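S.K.: Got a structure here, written out as structure tokens. Questions coming.
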Amino acid sequence: MDKILGLRAICRLFLGAEAAVYLVDFFGGKAVMKLRLAKTYRVPELDHRIRSLRTVNEARAMWRATQSGVKVPALLAVSRKGAAILMAYVDGVKLSNVTGDVAEQTSQLVGESIAKLHLGGAVHGDAVPTNMILSGRELFLIDFGLSESGYSIEQRAVDVNLFLRFAKLTWETSYSKIEAGFRDAYLGEMGNTDGSRVMQRVSEIRLRGRYVPERKLHDNNAEVTYVES
Ligand SMILES: Nc1ncnc2c1ncn2[C@@H]1O[C@H](COP(=O)(O)OP(=O)(O)O)[C@@H](O)[C@H]1O
Ligand SMILES: [Mg+2]
């Protein structure tokens, strides 16, 4: 395979709409190069600016997460010009690919990691199980391209809601235990007061959805409620 920014590519791990991720040789070890791809429908200068900004935003957010005690792949280099991030390869399994039992055992780690990130003044922005890698007993968060700074209950609740929503879709039968594990750890790390506020907001966000079976529980007369949005 070709060289990417001077490093020998071993194989391509992933090709998405926004980025290509390669396994590369880094001083005889394995590293990952995440390249943000050019969009031909954008004016080239603007396109490059957007890709550089997102790259820098992602690298900055990874570094902040590390400082908050969250496990993320070690950052090895960032190229603003190449819109690329070089990071350590995490040998593990994507959380989205584990069984319900494993997800249940890991739910505490997820709650703890997200809470640490939140306490450090950031939100992930795309906290879905595909952006988490389980490596042995450690959970790594990846893909910080949409991460933002902030301490607001709403931002935090959006993160939590996204994880729980995907967890429900992925591991339906184990979901209640996964939610309980997540909640326990999140509240444990955040403290009961702030943690409960976030979880309360998560329930409210669910009620804002289009089709909301939960509303039935709140309204004895309703059959099924559709909410305009
Ligand atoms: N440091 C890493 N170690 C191992 N695999 C990785 C690493 N970073 C990314 N990947 C793999 O590449 C995929 C896409 O990376 P991600 O950062 O989520 O890109 P995207 O923003 O396109 O979703 C991940 O789902 C994972 O399989
Ligand atoms: Mg991703």
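S.K.: Return, for the Cα atoms of the range 93-215, the radius of gyration and Dmax in Å, separated by a comma.
M.R.: Computed over the Cα atoms of the range 93-215, radius of gyration and Dmax are 13.4, 40 Å.
S.K.: Pull up the cross-link candidates among the lysines for LYS168, meaning alpha carbon to alpha carbon under 27 Å and not fewer than 8 places away within one chain.
M.R.: Leaving aside lysines fewer than 8 places away in the same chain, those within reach of LYS168 are LYS71, LYS94, LYS116, LYS177, LYS216.
S.K.: Tell me, what ³J(HN,Hα) does each residue in the range 116-127 have, in order and in whole Hz, if you take phi through Karplus 6.51 cos²θ - 1.76 cosθ + 1.60 with θ = phi - 60° and put x for Gly and Pro?
M.R.: Running phi through 6.51 cos²θ - 1.76 cosθ + 1.60 with θ = phi - 60° gives 4, 4, 5, 5, x, x, 9, 10, 6, x, 8, 7 Hz.
S.K.: So which lysines pass the test for LYS39, namely a Cα distance under 25 Å, with those fewer than 8 places away in the same chain ruled out?
M.R.: LYS3, LYS81
S.K.: Please compute P(r) over all alpha-carbon pairs of the range 98-152, binned at 10 Å starting from zero, and give each bin as a whole-number percent.
M.R.: The calculated distribution, bin by bin, is 23, 54, 20, 2.
S.K.: When we measure straight from the Cα of LYS30, which aspartates and glutamates land under 20 angstrom away, once same-chain ones fewer than 8 places off are left out?
M.R.: ASP2, ASP91, GLU138, ASP143
S.K.: Another question, if that's okay. Using mean Cβ contacts within 10 Å as the protection proxy, how do 109-115, 141-147 order, highest first?
M.R.: Details: 109-115: 24.4, 141-147: 22.1.
Ranking, from highest mean packing down: 109-115, 141-147.
Each reported figure results from applying straightforward, stated rules to the coordinates on display, with no laboratory input. Source: prediction; values computed, not measured. Glycine gets a Cβ as well: all are built from the backbone with ideal geometry, and neighbour counts include every protein chain shown.
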